[in-house]
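Asks: A single structure is presented below for examination.
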């Protein structure tokens, strides 16, 4: 922990200004009672045991206040979210315990703070989001939408302070925000935050182009402002004449969106004409909003020629994130195309603040709503069969996609991403419908499962009980839900085929008086070059592997085994002579075989069944074909070897010259916390500087059990390693096991 930090005068002023700004914002959206609780949380955020600085050098307390300000002012969230934004950093630094937070502010605050801390832990461990932790990150998000919104506020404040970070950190943070958080802000309807993030990302990842466009915008600012004024004037006069209350202004498009247009149209800055949009915001009552918007549309298109293909009506059917607006593109003065956006003040606030504002106007508290999208994301996340790379691909599909709106036969409205097919629609209805889909009637006409859907389609899915999912369907569907359900269905189908193949093989082998043992199964998989046991049984079911070929293989193996037994009898006779030679080799040294690098004339190796290490009590066992195997005294096979083959046992011990790298396997159990694998790995490779061969973790219901295989010099080093891993937070037990196999 750092020593207490001395605050400079400018930091004291910054804290005071943020404090006052937050209280002003809270008074506009919260009750007096809630404001009192927020004030209490602010005091806890400021009265820390010790103050901390972020990697940027900024005080953590200032960062927390600024994030809370964004949560309150720019996203419009309520009491719980503001308190969580203030306190999660305090709890993370253990200045306040989580149970204290629950006692003062309620269990809801504690749960959200816990989710926020899990996300922050991923960052402190320098974890790439392009890994399995990406799934954990989003699963944390999807538990409560407020976790997403607060983290978005945190990332936005970080982007605003990015000039204070080191260049390497700037690149990492900007890339992450562009990859995940800006698309997520877009999906949640936070367009102001999304736009600021995108511009910030470009500023630090493509600074040269960012500066070029910013300079060009500045050079053309005066001409642009004059054009906007000339464009607006006749519309403004007409709207005044019919008595509408409104604001109308021109808004220059973001540097990021202008750059995208330059790339998409393959044109220089000078040839990009739609550098700005005109926005008309009406002060209308909710019941008059739509008629008033269409009145404005009529006036705009009377004055300027519209482009019919560019009309976007999100009044009749809003976007799934709550966005409502009417967009049109018209031909303005100097033959320039101009985008006009028409909406009410309520719609504009929803457009700027996304879901939080949408819930507020729907009469909710803003703290209880959950977008259906989040439910779908949870469903995809919680499928344990998905690997991280596939998941990221599927998740990204649904972030920026435009939507199509289609109807069921009963008139129920369904939203799907642009490019969705009949098969996507079938899986959206129910996974059982999707699995048995053979086509559909789209607007009364027969359509294949591949047909793309268009706005307004009425769809009736056609199914068949004999239809089964096919692997090629993965190239037909585009939604995460359909892909996830289809992959699971294919896996279930393959399992059924595998079971059928196994039953068929067992029945045929029984007729031939042959037992299907595990050893035989592995031999067959290897012989027929199958990828796995399940694949081998599926190949039997599908006829790819001929069962008569299995019989031929078994008979050839039996013949080989007979020949091997005859050889073994001869080798056993020579084993006695070998033992005698060993006895003679060690007879001059107290009848003890000393294991070191200088031992000659004796063929020995370390047994893999118990992996002896320098320092273990050991003995030698004379094998028939592989010389002497060195075993631990407590090897699980020792009792049988001593009782049945006592004449082959040779006393043995280590010498100081035998120390080398020995393989050891540990069994580790603990709680399934984020970063536990990283902590174990750090103890092994960084703290003790040991080489790690493998680590395997199996998680279940909040706990995990795993094995770690390492190379050590001796048992004392192994004992130290066990002790160190036991001290890792969240570890229940560590013990040595005989083998990783």
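Asks: Please verify whether residue 316 is in contact (Cβ under 8 Å) with a residue 60 or more places away in the chain, outside any strand (DSSP E or B) and over 17 Å from residue 339 (Cβ atoms), treating the condition exactly as stated.
Replies: Details: in contact (Cβ under 8 Å) with a residue 60 or more places away in the chain: no; outside any strand (DSSP E or B): yes; over 17 Å from residue 339 (Cβ atoms): yes.
Answer is no for this residue.
Asks: Here's something else I'd like to know. Does residue 224 satisfy the criteria of being at pLDDT below 90, in the same structural domain as residue 348 (by TED's automatic domain parsing) and more than 19 Å from residue 192 (Cβ to Cβ)?
Replies: yes
Asks: Also, I was wondering about something else. Yes or no: the stretch 202-216 includes at least one residue that is more than 16 Å from residue 300 (Cβ to Cβ), in contact (Cβ under 8 Å) with a residue 12 or more places away in the chain and more than 38 Å from the chain's Cα centre (by Cα).
Replies: yes
Asks: Follow-up. Enumerate the pairs (first residue in the stretch 457-469 and within 12 Å of residue 432 (Cβ to Cβ); second residue anywhere and part of a strand (DSSP E or B)) with beta-carbon separation below 6 Å, excluding pairs fewer than 6 apart on the same chain, so at least 6 apart or on different chains.
Replies: As it stands, the answer is 461/437; 461/440; 463/437; 467/438, since those pairs meet every condition given.
Asks: Does residue 465 satisfy the criteria of being loosely packed, with under 15 Cβ neighbours inside 10 Å, at pLDDT 85 or above and over 24 Å from the mean Cα position of the chain (by Cα)? Please lay out each step first, then the result.
Replies: Numbers: loosely packed, with under 15 Cβ neighbours inside 10 Å: yes; at pLDDT 85 or above: yes; over 24 Å from the mean Cα position of the chain (by Cα): yes.
Taking the combined requirement at face value, the residue satisfies it.
Asks: Listed residues 65, 30; which is modelled with pLDDT under 90 and under 18 Å from residue 146 (Cα atoms)? Full working, then the answer.
Replies: Numbers: 65 fails: modelled with pLDDT under 90.
Sole residue among the options that is modelled with pLDDT under 90 and under 18 Å from residue 146 (Cα atoms): 30.
Asks: Just to be sure, is residue 48 in a loop (DSSP other than H, G, I, E, B) and assigned by TED's automatic domain parsing to the domain that holds residue 190? First the steps, then the outcome.
Replies: Numbers: in a loop (DSSP other than H, G, I, E, B): yes; assigned by TED's automatic domain parsing to the domain that holds residue 190: yes.
In short, yes.
Asks: Give me the helices (runs of 4 or more DSSP H) completely within the stretch 637-740, filtered to those with at least 1 residues that are under 25 Å from residue 115 (Cα atoms) and modelled with pLDDT under 85, ordered by residue number.
Replies: Values: elements: 638-644, 676-682, 715-726.
Output list reads 676-682.
Asks: Go through 112, 101 for me and flag whichever is more than 26 Å from the chain's Cα centre (by Cα) and surrounded by 17 or more Cβ atoms within 10 Å (Cβ to Cβ). Working first, answer last.
Replies: Details: 112 fails: more than 26 Å from the chain's Cα centre (by Cα).
On inspection, the qualifying residue turns out to be 101.
Asks: Quick check, is residue 643 surrounded by 13 or more Cβ atoms within 10 Å (Cβ to Cβ), under 23 Å from residue 604 (Cβ atoms) and more than 29 Å from the chain's Cα centre (by Cα)? Step through it out loud before you land on a result.
Replies: Values: surrounded by 13 or more Cβ atoms within 10 Å (Cβ to Cβ): no; under 23 Å from residue 604 (Cβ atoms): yes; more than 29 Å from the chain's Cα centre (by Cα): yes.
Against the criterion (surrounded by 13 or more Cβ atoms within 10 Å (Cβ to Cβ), under 23 Å from residue 604 (Cβ atoms) and more than 29 Å from the chain's Cα centre (by Cα)), residue 643 does not qualify.
Asks: Do we have any residue at all in the stretch 271-287 that's part of a helix (DSSP H, G or I), free of Cβ contacts under 8 Å to residues at least 12 places away in the same chain, within 26 Å of residue 194 (Cα to Cα) and assigned by TED's automatic domain parsing to the domain that holds residue 237? Spell out the reasoning first.
Replies: Pass one, the stretch 271-287, residues part of a helix (DSSP H, G or I): 271, 286-287.
Narrowing further to those that are free of Cβ contacts under 8 Å to residues at least 12 places away in the same chain: 271, 287.
Still in the running and within 26 Å of residue 194 (Cα to Cα): 271.
From what is left, the residues that are assigned by TED's automatic domain parsing to the domain that holds residue 237 are 271.
Looking through the stretch 271-287, at least one residue is part of a helix (DSSP H, G or I), free of Cβ contacts under 8 Å to residues at least 12 places away in the same chain, within 26 Å of residue 194 (Cα to Cα) and assigned by TED's automatic domain parsing to the domain that holds residue 237.
Asks: Between a first residue in the stretch 632-655 that is more than 19 Å from residue 616 (Cα to Cα) and a second residue that is part of a loop (DSSP other than H, G, I, E, B), which pairs have beta carbons less than 8 Å apart while being 6 or more apart in sequence or on different chains?
Replies: 648/623
Asks: If you take the residues of the stretch 412-428 that are part of a loop (DSSP other than H, G, I, E, B) and free of Cβ contacts under 8 Å to residues at least 40 places away in the same chain, which of them is surrounded by the fewest Cβ atoms within 10 Å (Cβ to Cβ)?
Replies: Restricting attention to the stretch 412-428, the residues satisfying the condition of being part of a loop (DSSP other than H, G, I, E, B) are 412, 418-420.
The next check asks that each one be free of Cβ contacts under 8 Å to residues at least 40 places away in the same chain; those that pass are 412, 418.
Details: 412: 9, 418: 13.
Here the answer is 412.
Asks: Could you tell me which of the residues 16, 24 is in a helix (DSSP H, G or I), over 34 Å from the mean Cα position of the chain (by Cα) and closer than 17 Å to residue 75 by Cα? Don't jump to the end; show me each part of the working.
Replies: Values: 16 fails: closer than 17 Å to residue 75 by Cα.
Of the residues listed, the single one that is in a helix (DSSP H, G or I), over 34 Å from the mean Cα position of the chain (by Cα) and closer than 17 Å to residue 75 by Cα is 24.
Every residue, every condition in (1) outside any helix (DSSP H, G or I); (2) modelled with pLDDT under 90; (3) in contact with a helix residue (DSSP H, G or I) (Cβ under 9 Å, 6 or more places away or on another chain), yes or no:
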site: 441; (1), (2), (3): yes, no, no
site: 459; (1), (2), (3): yes, no, yes
site: 484; (1), (2), (3): no, yes, yes
site: 489; (1), (2), (3): no, yes, yes
site: 502; (1), (2), (3): no, yes, yes
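The values are calculated or read from the model by the stated rules, or taken from the named source; none is laboratory data. Model, not experiment: these values are computed from the prediction. Cβ coordinates were reconstructed from backbone atoms using ideal geometry, including for glycine residues, and neighbour counts include every protein chain displayed.
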